[in-house]
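Q: Structure provided below as structure tokens; questions to follow.
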Amino acid sequence: METAAVKSEGLVIPLIDFSQFLNGTPEQRKETANSILHGFQSAGFIYLKGFPITSAYRKHVFETSAKYFRLPVETKMSQCWTTPEANRGYSAPGREKTTTLTDIEEVKELRDAVPDLKESLEIGREGEPGLPNHWPDEEGELVGFKETMLGFHNKCKELHVEVMRAIAVGMGLDETWFDGYTDVGDNTIRLLHYPEVKKNVFTINPGQVRAGAHSDYGSITLLFQDARGGLQVQSPTGVFVDARPIEDTCVVNAGDLLARWSNDKIKSTIHRVVEPPAGDGDVYPARYSIAYFCNPNFKSYIEAIPGTYATEKERKYEGINSGQYLVQRLTATY
Ligand code: FYU
Ligand code: NI
């Protein structure tokens, strides 16, 4: 029933059929919840299949995303990401600080020639007072963009609710235990485009990556990726292991706030995006992915989940406000 999507260097990422949680018998539901929790406790990552976002709809969202990135750069720049509090808008290549940089002049020139490693558009909860999303004008290819993205936002919001229910069941809590933390949907869609890039960019600078190593900040992240590959997850031995794309799956990883909330029973694992496995020609083709960053309601106060500590002394962290925590983390990276 459960197979490994990734198994290498002591990193085992399970592939789980979520329909067994959503529509299974009580036994299947409990067993699936246990597998999900175990995946988050051991790897910090799982792959889900059988979740209720159809492949046709995902394909449509990916095509819509690609159309957005084809807009002129000036148009995208006029909708740019401004503040951690807003966390909405377009981020041009190089906007987010990466950790590996170089001092070699030659490489600088090359990077100037091919600066585009990653560009993104963040879409937050629509209707948050004072924090409007930066929607592109609905003309030409982009007619319907907003409706598509809001529909996707809603579908993913529901998936967040259900995955947190599975975690609750796995932990032996009431299945609705997290509902009061997930109902608002203070989550962010990040459309990502890693443009086509010359292969020698990576050979000349061995530190070059498409997205630097990091852990995510919130409760969980739903990652939808195309077939290109390049996502890597750090193993317990410290090695980056390929988390290969598997058709009709979604990669789900726990974020730092969930790790903290669970008193470190759940892991938030470091990951990055590198060049895909080599193919023909002298360029790597573009990669598109969509990350859906989930957070506990920004207004909620996050302190150790019941059952994750036996005595007060075992509580490792102070309580913290979810929204404040996210802003702190975003401030450090932009
Ligand atoms: N932006 N949440 C994250 C993240 C970026 O986890 C967010 O809102 C990580 O790259
Ligand atoms: Ni990430």
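The values are calculated or read from the model by the stated rules, or taken from the named source; none is laboratory data. Remember, it's a predicted structure, so these values are computed and weren't measured experimentally. Cβ: placed from backbone, ideal geometry, glycine included. Neighbour counts: every protein chain shown. Each accessible area value is taken on the protein alone, full model and side chains, heavy atoms only, with ligands, DNA and RNA left out. Shrake-Rupley method; radii C 1.70, N 1.55, O 1.52, S 1.80 Å.
Q: Which residue out of Asp282, Asp248, Asp242, Asp264 is away from ligand 2 (no atom under 16 Å from the Cβ), surrounded by fewer than 16 Cβ atoms within 10 Å (Cβ to Cβ), within 30 Å of Thr203 (Cβ to Cβ) and acidic (Asp, Glu)? Please lay out each step first, then the result.
A: Working: Asp248 fails: within 30 Å of Thr203 (Cβ to Cβ); Asp242 fails: away from ligand 2 (no atom under 16 Å from the Cβ); Asp264 fails: within 30 Å of Thr203 (Cβ to Cβ).
Among Asp282, Asp248, Asp242, Asp264, only Asp282 is away from ligand 2 (no atom under 16 Å from the Cβ), surrounded by fewer than 16 Cβ atoms within 10 Å (Cβ to Cβ), within 30 Å of Thr203 (Cβ to Cβ) and acidic (Asp, Glu).
Q: Moving on to the next point. When the residues of the stretch 180-216 are filtered to those that are under 21 Å from Glu158 (Cβ atoms) and within 13 Å of ligand 1 (Cβ to nearest atom), which remaining residue is farthest from the chain's Cα centre (by Cα)? So that I can check it myself, show each step before the final result.
A: At the first step, the residues of the stretch 180-216 found to be under 21 Å from Glu158 (Cβ atoms) are 180-191, 216.
Retained after the next criterion (residues that are within 13 Å of ligand 1 (Cβ to nearest atom)): 186-191, 216.
On the way: Asp186: 14, Asn187: 11, Thr188: 9, Ile189: 9, Arg190: 8, Leu191: 10, Asp216: 7 Å.
The qualifying residue farthest from the chain's Cα centre (by Cα) is Asp186.
Q: Now for a different question. For Val209, are the conditions met, namely being open to solvent by less than 30 Å² (accessible area, probe 1.4 Å) and away from ligand 2 (no atom under 16 Å from the Cβ)?
A: Details: open to solvent by less than 30 Å² (accessible area, probe 1.4 Å): yes; away from ligand 2 (no atom under 16 Å from the Cβ): no.
Considered against the rule, which asks whether it is open to solvent by less than 30 Å² (accessible area, probe 1.4 Å) and away from ligand 2 (no atom under 16 Å from the Cβ), Val209 comes out as no.
Q: Are any residues in the stretch 217-229 open to solvent by less than 10 Å² (accessible area, probe 1.4 Å), away from ligand 1 (no atom under 11 Å from the Cβ) and at pLDDT 95 or above, and if so, which ones?
A: Leu222, Phe224
Q: Does Gly50 satisfy the criteria of being farther than 30 Å from Asn321 by Cβ, small (Gly, Ala, Ser) and within 19 Å of the chain's Cα centre (by Cα)?
A: Numbers: farther than 30 Å from Asn321 by Cβ: yes; small (Gly, Ala, Ser): yes; within 19 Å of the chain's Cα centre (by Cα): yes.
Criteria met by Gly50.
Q: Scanning the stretch 286-304 for residues that are open to solvent by less than 50 Å² (accessible area, probe 1.4 Å), in contact with a Gly (Cβ under 9 Å, 6 or more places away or on another chain) and assigned to a loop (DSSP other than H, G, I, E, B), which turns out farthest from His193 (Cα to Cα)?
A: The selected residue is Ala304.
Q: Being within 16 Å of ligand 2 (Cβ to nearest atom), open to solvent by 10 Å² or more (accessible area, probe 1.4 Å) and of a type in the set (Ser, Thr, Tyr) is the requirement here; does Tyr181 meet it? Please lay out each step first, then the result.
A: On the way: within 16 Å of ligand 2 (Cβ to nearest atom): no; open to solvent by 10 Å² or more (accessible area, probe 1.4 Å): yes; of a type in the set (Ser, Thr, Tyr): yes.
Judged against the criteria, Tyr181 is not a match.
Q: Run down Phe145, Phe152 and say which single residue is under 25 Å from Ile16 (Cα atoms), open to solvent by less than 10 Å² (accessible area, probe 1.4 Å) and modelled with pLDDT of 95 or more.
A: Selected residue: Phe152, the only one of Phe145, Phe152 that is under 25 Å from Ile16 (Cα atoms), open to solvent by less than 10 Å² (accessible area, probe 1.4 Å) and modelled with pLDDT of 95 or more.
Q: Further question: Kindly indicate whether Gln234 is farther than 24 Å from Ser65 by Cβ, open to solvent by 20 Å² or more (accessible area, probe 1.4 Å), within 16 Å of ligand 1 (Cβ to nearest atom) and not small (Gly, Ala, Ser).
A: Numbers: farther than 24 Å from Ser65 by Cβ: yes; open to solvent by 20 Å² or more (accessible area, probe 1.4 Å): yes; within 16 Å of ligand 1 (Cβ to nearest atom): yes; not small (Gly, Ala, Ser): yes.
So Gln234 fits the description; yes.
Q: Let me ask you something else. Between Ala291, Ala304, which is at pLDDT 95 or above and within 16 Å of ligand 1 (Cβ to nearest atom)?
A: Result of the check over Ala291, Ala304: Ala291.
Q: Take the conditions small (Gly, Ala, Ser) and open to solvent by less than 10 Å² (accessible area, probe 1.4 Å) and apply them to Ala310. Does it pass?
A: On the way: small (Gly, Ala, Ser): yes; open to solvent by less than 10 Å² (accessible area, probe 1.4 Å): no.
No.
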